[in-house]
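**Q** Please see the structure below; I have some questions.
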Amino acid sequence: MADKDWLGADLIFDLDGDHLPGVTDKDFPAMIDVIQEQAWSLWNDFLEPDFGFKQEYLQVTFSGHRGFHLHYRDPKYFHLDSESRRELVSHIRGEGVEVSDLLNRSAMPNASGWAKRVAKGVTSVVDDLDRIYNGDNKLLNTITAGLQEMMDREGVKGLRGKSSIEKLSELMQSDNRRNRVLSGRLAVLNNYAVLFQNLIKADSSVVLGNAGETDEVVTIDTRRQIRWPGSLHGKSGLRVTEFPLSRLDPDGTNPFDCLSEGIALSRQNKVTVEVIVDDSVVRFDDKLYEPSLGDVIELHEAGATFLVLKGWARIKT
C-alpha cells in the first residue's frame, strides 16, 4: 500500500439532521424536512452558483437514516487535498464573513454569493423576529441554538441568549426602525446591531456539523468510505436511496419522501412492539405515529424494525 499513489477522491457532502441546532430526531419527520431543505440549499445556494458545479457530475442519495449525501464527481476536483476541501466547507458555513461589509453590496442588482444571502437574510431575520414577538417559542429555541453554535464555532463574543433575541424582536415593532433595518441601516439598532448581523449569518449558512464532527470530516477526508446506494442502514433499516436532484427540492412538484421511498422491508408482515421512550414522532408512508412511553402498538415489519433499531421500542412477545 505504501507504494501506491493517491489518484484522487470524490467531493462528498454529508448533511445529517442530528447536527441541526435546536432540532431533534425524536420528531423524525420534522427533522428530515429541515435537513432536506438544508441539502437543497447547499446545492441551490452554494455549490451551483458559487462554485459553478454542474448537475451532470452530481449524485444525490438519502443516507438511509438522518440525512442526505451529495457526491460530486467532476474529475477536475478529484485532486483537491483536505485543506482545499476545508476551504469549501468554510465558505459554505460563512466562516470569516463580515455581514456589515456586505450590506452595501447586497443592495446591488448583480449581488451574488454571500452578498446576495445577506440581502435575503435581512428580510428573513425580520420575519423570524416578528414570529418570536408573537409567541413562537419553538422558533426562538431553534434560532438561539443556531446562533450560539455559529458564535461558539467562530469564537464570536456578544449578545446571544433568548432574552436578547426577544428584546430585539420588541425593538423591531417600531415601523420607523423596521424600515431602516430593511434598507440595511442596522445602526438604528444600537447595541443590538451586531446581534442582528450574527442572526443573518446563522440564518444564511448551511449546517455542516461542528468542527471535528462527522459532516465536515466526510467532506475533507480524501479516504472516507461512504454508504453504498441500495444498502440498508443499520440504525434504521431504511435503504440508502439514489434520486434525481430535482426531487431534492422540498417545494418542487415531486419532492423525494425518504419515509416512503426509503422503506425496504415488509409492509405486509405485522409486528407488535412496546414503546420505551417518550415524545417520539415517526411516519411511514402516510401513517403518522406519536406513541408515548409504555404504549403497545402493532405496525408493519419495516416500521417495527425502525423503532427497535432507533432504540425507541422493543419487540413485544
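All of the numbers you see were taken from the coordinates with simple rules; none came from a lab. Only a predicted model underlies this, so the values are computations on that prediction, with no experimental measurement involved. Here the Cβ is made from the backbone with ideal geometry for all residues, glycine too, and neighbour counts use every protein chain on show.
**Q** Which FRET efficiency, nearest 0.05, do THR123 and ASP5 yield, Cβ-Cβ r, R0 45 Å?
**A** Working: r = 50 Å, r/R0 = 1.12.
Between THR123 and ASP5 the formula returns 0.35.
**Q** Over what distance in Å are the Cα centres of region 244-278 and region 281-317 separated?
**A** 13
**Q** Still on this model: What is the helix-to-structure angle for 82-92, meaning the angle in degrees between its Cα long axis and the longest Cα principal axis of the chain, kept from 0 to 90 and rounded to the nearest 10?
**A** In the chain, helix 82-92 runs at an angle near 60 degrees to the longest axis.
**Q** Can you pull the semi-axes for region 1-125, root of five times each eigenvalue of the Cα gyration tensor, sorted largest first, whole Å?
**A** The equivalent ellipsoid of region 1-125 has semi-axes of 27, 22, 13 Å.
**Q** Specify the angular offset, from 0 to 90 degrees and rounded to the nearest 10, of the alpha carbon long axis of helix 301-310 from the longest principal axis of the alpha carbons in the chain.
**A** Long axis of 301-310 versus the principal axis of the chain: about 60 degrees.
**Q** Test of understanding: what is the full-extension gain from ILE276 to SER82, defined as 0.36 nm times their sequence separation minus their Cα-Cα distance?
**A** On the way: separation 194, 0.36 × 194 = 69.84 nm, distance 4.21 nm.
Net length gain for the segment: 65.6 nm.
**Q** Can you tell me what the convex hull of the Cα atoms of region 101-205 projects to on average, as an area in nm²?
**A** Here the figure is 6.2 nm², rounded to one decimal.
**Q** Using a Förster radius of 22 Å, what is the FRET efficiency between SER246 and ARG267 based on their Cβ-Cβ separation? Nearest 0.05, please.
**A** That pair, SER246 with ARG267, gives E of 0.25.
**Q** Additional query: For region 173-317, what is the charge dipole size about the Cα centre, in debye to the nearest 20, if Lys and Arg each add +1 at the Cβ and Asp and Glu each add -1 at the Cβ?
**A** Dipole magnitude for region 173-317 comes out near 360 debye.
**Q** Largest first and in whole Å, what are the equivalent-ellipsoid semi-axes of region 31-88 based on the Cα gyration tensor, each being the root of 5 times an eigenvalue?
**A** 21, 13, 12
**Q** Given a cut-off of 26 Å, name the pairs among LYS26/LYS167; LYS4/LYS76; LYS76/LYS201 whose C-alpha atoms lie farther apart than that in the structure shown.
**A** Details: LYS26/LYS167 30 Å; LYS4/LYS76 21 Å; LYS76/LYS201 31 Å.
In this structure, LYS26/LYS167; LYS76/LYS201 exceed 26 Å between Cα atoms.
**Q** Whole-Hz Karplus ³J(HN,Hα) for region 15-26, in order, using 6.51 cos²θ - 1.76 cosθ + 1.60 and θ = phi - 60°, x for Gly and Pro?
**A** Working through the residues one at a time gives 10, 10, x, 6, 8, 6, x, x, 10, 10, 7, 5 Hz.
**Q** Once both axes come from the Cα atoms, what is the angle between helix 113-133 and the longest principal axis of the chain, in degrees from 0 to 90, rounded to 10?
**A** 80
**Q** Right, something else. In whole Hz, with x marking every Gly and Pro, tabulate ³J(HN,Hα) for region 284-294 from phi via Karplus 6.51 cos²θ - 1.76 cosθ + 1.60, θ = phi - 60°.
**A** 10, 6, 9, 9, 9, 10, 10, x, 10, 3, x
**Q** What residue among GLU98, GLU242, GLU298 shows peak mean-square fluctuation when the chain is described by a Gaussian network model with Cα springs under 10 Å?
**A** Looking only at GLU98, GLU242, GLU298, the largest GNM fluctuation is found for GLU298.
**Q** Enumerate the amide H contacts of ALA264 below 5 Å, restricted to partners 5 or more residues apart or on another chain; note that Pro and chain-start residues carry no placed amide H.
**A** So ALA264 has HN proximity to ARG239.
**Q** If you don't mind, there's one more thing I want to ask. Just GLU261, GLU301, GLU290 to compare: in a GNM of the chain, with alpha carbon springs under 10 Å, which one fluctuates most?
**A** GLU290
**Q** About the Cα centre of the chain, what is the dipole size in debye to 20, counting +1 per Lys and Arg Cβ and -1 per Asp and Glu Cβ, all else neutral?
**A** Using Cβ point charges on Lys, Arg, Asp and Glu, the chain gives about 340 debye.
**Q** Let me ask you something else. Relative to the compact-globule scaling 2.2 N^0.38 Å, provide the ratio for the alpha-carbon radius of gyration of the chain.
**A** Values: Rg = 21.6 Å, N = 317, 2.2 N^0.38 = 19.6 Å.
Against the compact-globule rule of thumb, the ratio is 1.10.
**Q** When all alpha-carbon pairs of region 265-315 are counted, what percent fall beyond 17 Å?
**A** Counting every Cα pair in region 265-315, those more than 17 Å apart make up 21 percent.
**Q** Considering only the chain, what is the antiparallel percent among its DSSP beta bridges, to the nearest 5? All intermediate terms of the calculation are to be shown ahead of the outcome.
**A** On the way: 27 of 28 bridges.
Among the beta bridges of the chain, antiparallel pairing accounts for roughly 95 percent.
**Q** Could you tell me which residue out of GLY294, GLY252, LEU307 lies farthest along the dipole of the chain toward its positive end? Charges go on the beta carbon: Lys and Arg +1, Asp and Glu -1, centred on the Cα centre.
**A** Highest projection toward the positive end goes to GLY252.
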